[in-house]
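Each remark here refers to the structure printed beneath this line.
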Amino acid sequence: MSEKKLDEQVKVKTWHEKHKESLSIGQKIADGLAKGMGSWGFIIIQTILVIAWMVCNIIAIVQHWDPYPFILLNLLFSTQAAYAAPIIMMSQNRQNDRDRIQALEDFKTNVDAKKEIEEMQKAIARIENEKLGEILKAIEELKK
């Protein structure tokens, strides 16, 4: 089997892919909710629903299910906040873990690159010294 085919079969996973695969269903749901609740789409939809709620309760002729000052609406917001805050914090904690893992991987890469650069500099210095020695010998031979 050729090297190219072997490389295609053995796919190296990035740290992000490994981390994503290790998440539980609950963690994936929390990340999805945090992503959704932190979007403009969520804010726009929630604003439309709140305005509709208020308009329906202000102009309702027959029945006001939540009259001004909209206590039921405030209760719904409180309940939403009580559940949203811990879910968002769980997602943020996982983001901190991802950032820490990425920083560690970057550090390892930088250390490896530094070692390679130092080895290359030593090799170049050794080659320069050898060539310089050869040049000096050639100059001395020319002088004779």
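Please treat every number below as a calculation from the coordinates, not as lab data. As the structure is a prediction and not an experimental result, all values here were calculated from the model. All Cβ positions, even for glycine, are placed from backbone atoms using ideal geometry, and neighbour counts span all protein chains on display.
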- Note on the structure: Filtering the stretch 85-144 down to residues that are free of Cβ contacts under 8 Å to residues at least 60 places away in the same chain and basic (Lys, Arg) yields ARG100, LYS108, LYS114, LYS115, LYS122, ARG126, LYS131, LYS137, LYS143, LYS144
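Under 30 Å from GLY32 (Cα atoms) and surrounded by 10 or more Cβ atoms within 10 Å (Cβ to Cβ) - does that describe any residue in the stretch 108-119? Outline the logic, then answer.
Here is the first cut: in the stretch 108-119, the residues under 30 Å from GLY32 (Cα atoms) are none.
No, every residue in the stretch 108-119 fails to be under 30 Å from GLY32 (Cα atoms) and surrounded by 10 or more Cβ atoms within 10 Å (Cβ to Cβ).
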